[in-house]
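Worksheet: the structure to be examined is printed underneath.
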Amino acid sequence: MGKAENPFTSLNEIWANRDVLHEDYTPTEILERESERDKLAAHLAPVANGNRPNNIFLYGKTGVGKTVVTEYMLGKLDEFKDPTVDLSVVTLNCQNCSSSYQVAVALVNELHDETDQISPTGYPAETVYQYLYDELDQLGGTVLVVLDEIDAIGDDDGLLYELPRARSKGDVENVKLGVIGISNDLEFKKNLSSKVKSTLCEKELVFTPYDATELQTIVMDRAESAFLDDVVQDGVIEHVAAIAAKNSGDARQAIRLLREAGDLAKQSESGAVVTDDIVEAAKEELEASRIERAVDDLPLQTKLATLTLAFRTEASSGPIRTAALHDTYCQIARENGVERRSHDAFRDQLDDLDMLGIALRHRHNEGRGGGIYYTWESDIAYGVVRDVLDELNTP
Ligand SMILES: Nc1ncnc2c1ncn2[C@@H]1O[C@H](COP(=O)(O)OP(=O)(O)O)[C@@H](O)[C@H]1O
Ligand SMILES: [Mg+2]
């Protein structure tokens with residue numbers, strides 16, 4: 001079909017299959033992570049022979065392959081287990097659950113018919129747990145319950161104690177139950193109560209961030225199926241991998257960067273090639289949209305603090321003291337006809353920005369006489385904040 005007739009074929013045809021760079025795409029092969037795969041296989045091995053499953057706890061930052069490796073190994077388990085083993089896997093992503101109760105309700109609903117869902121509130125906890133045990137008992141055989149992103153439940157971790165012990169307590173009778181917990185938060189395990197730790201973390205597995213070489217392997221593999229031949233210039237994959245490795249060793253981020261670069265290349269005037277410059281532009285675009293999402297959701301006063309800090313950081317050669325920032329803030333608030341907060345309330349806003357990764361806080365201790373004070377700088381360029389908050393005036 002000619003370009004003139006079809007509005008959806010833009011300048012350059014570059015994609016062979018863009019979907020393999022999509023968030024939801026499950027790769028057919030897992031690259032790297034051999035030792036993690038071997039360890040997980042060893043932890044799962046009893047299930048393959050019909051023995052009692054281990055409870056397993058996996059943790060590591062986001063994008064390091066925890067979910068994909070777990071899914072892959074559970075697939076292998078299904079393929080290679082003793083055929084007489086009656087295995088069911090129940091998987092729940094807990095990201096929207098903030099308590100054990102909510103996880104239990106979500107599990108019950110996962111196991112119930114679509115037409116027989118229970119409401120997320122209103123049942124006594126024991127009733128929900130009983131529903132859950134009944135469902136598990138009905139499944140029978142060996143059941144693995146996979147709780148992904150379990151760190152969402154915070155301190156309310158009772159289920160992680162109850163579920164792994166359900167059989168020894170007699171709550172379930174017909175089922176060999178194993179729990180696989182996966183956490184994106186490295187602190188979560190530290191904060192688990194000690195009784196949960198000793199039951200859930202029977203076996204554990206840490207996923208470390210990917211280094212640049214590992215990311216290269218993963219990104220290269222995706223790029224080969226995603227792009228047409230000769231679209232990706234030499235060195236681009238290395239460049240993408242290096243950026244992601246420097247950031248946080250997150251494969252999801254690396255893949256997203258490559259996808260964004262592809263989208264830019266497709267629109268580019270300079271032909272159907274992904275170059276290092278396009279990767280840099282894509283990186284900036286992703287960074288800007290990350291900031292946009294973060295800043296957009298802030299309350300007005302926090303937006304003013306963000307704007308103040310970015311404005312002063314741009315004009316200054318180093319970090320700035322709270323009092324000086326507060327002066328500028330008052331001026332900006334006045335210009336915008338917004339209520340002015342006190343010095344201390346303003347400082348609390350800056351603390352919030354520090355937590356959000358928008359501000360960098362420096363602590364100074366001048367010893368006796370000088371005391372302790374803080375200076376601040378913005379981690380976001382003024383121009384970017386300006387674009388996001390263009391409804392606000394700066395002096
Ligand atoms: N070893 C790997 N091989 C192939 N793709 C991977 C690998 N590790 C991660 N990915 C891809 O990177 C993204 C993030 O991986 P994921 O398992 O979801 O990370 P986590 O669960 O640790 O946050 C997914 O799109 C996944 O397909
Ligand atoms: Mg995950």
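The values are calculated or read from the model by the stated rules, or taken from the named source; none is laboratory data. Treat the numbers as computed from the prediction; the structure is a model and nothing was measured. Cβ: placed from backbone, ideal geometry, glycine included. Neighbour counts: every protein chain shown. In case anyone asks, the SASA skips ligands and DNA or RNA and just uses the protein heavy atoms, side chains included. Shrake-Rupley method; radii C 1.70, N 1.55, O 1.52, S 1.80 Å.
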TODO: Examine region 214-235 for a residue that is touching a Phe, Trp or Tyr at 6+ places or on another chain (Cβ under 9 Å), within 16 Å of ligand 2 (Cβ to nearest atom) and at pLDDT 95 or above, and state whether such a residue exists.
DONE: yes
TODO: For region 314-337, enumerate the residues that are open to solvent by 30 Å² or more (accessible area, probe 1.4 Å), touching a residue at least 24 places away in the same chain (Cβ under 8 Å) and of a type outside the set (S, T, N, Q).
DONE: Glu314, Pro319, Arg321, Glu335
Task: Test set (1) away from ligand 2 (no atom under 16 Å from the Cβ); (2) under 30 Å from Ser248 (Cα atoms); (3) of a type in the set (Asp, Glu) - Glu36 fails condition number - done: (1)
TODO: Within region 89-120, count every residue that is within 25 Å of Val206 (Cα to Cα) and more than 20 Å from the chain's Cα centre (by Cα).
DONE: 3
Task: Residue selected from region 42-74 under the condition out of contact with any Leu (no Cβ under 8 Å at 6 or more places or on another chain) and away from ligand 2 (no atom under 16 Å from the Cβ), by the criterion least open to solvent (accessible area, probe 1.4 Å) - done: Gly50
- [ ] Give Leu264, Leu309 a once-over and let me know the one that is of a type outside the set (D, E, K, R), in contact with a helix residue (DSSP H, G or I) (Cβ under 6 Å, 6 or more places away or on another chain) and assigned to a helix (DSSP H, G or I).
- [x] Leu264
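Of the residues in region 272-300, how many are open to solvent by 20 Å² or more (accessible area, probe 1.4 Å) and either of a type in the set (A, V, I, L, M) or more than 24 Å from the chain's Cα centre (by Cα) (or both)?
Of the residues in that region, 12 qualify.
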- [ ] Go through (1) out of contact with any strand residue (DSSP E or B) (no Cβ under 9 Å at 6 or more places or on another chain); (2) within 23 Å of Ser88 (Cβ to Cβ) and name the single condition Ala166 misses.
- [x] (1)
- [ ] Could you name every one of the helices (runs of 4 or more DSSP H) located completely within region 122-232 that has at least 2 residues being open to solvent by 70 Å² or more (accessible area, probe 1.4 Å)?
- [x] 125-139, 186-191, 194-200, 212-226
Open item on the list: Tell me the residue from Asp344, Asp387, Asp351 that is among the acidic types (Asp, Glu) and under 22 Å from Leu286 (Cα atoms), please.
Closed with: Asp387
- [ ] For Gly249, work out the one condition from (1) within 17 Å of Gly63 (Cβ to Cβ); (2) away from ligand 2 (no atom under 16 Å from the Cβ); (3) not in a helix (DSSP H, G or I) it doesn't fulfil.
- [x] (2)
Task: Long-range neighbours under 7 Å by Cβ, at least six apart or interchain, first residue within 16 Å of ligand 2 (Cβ to nearest atom) within region 170-193, second polar (S, T, N, Q) and open to solvent by less than 10 Å² (accessible area, probe 1.4 Å) - done: Ile180/Thr70; Ile182/Thr70; Lys189/Ser183
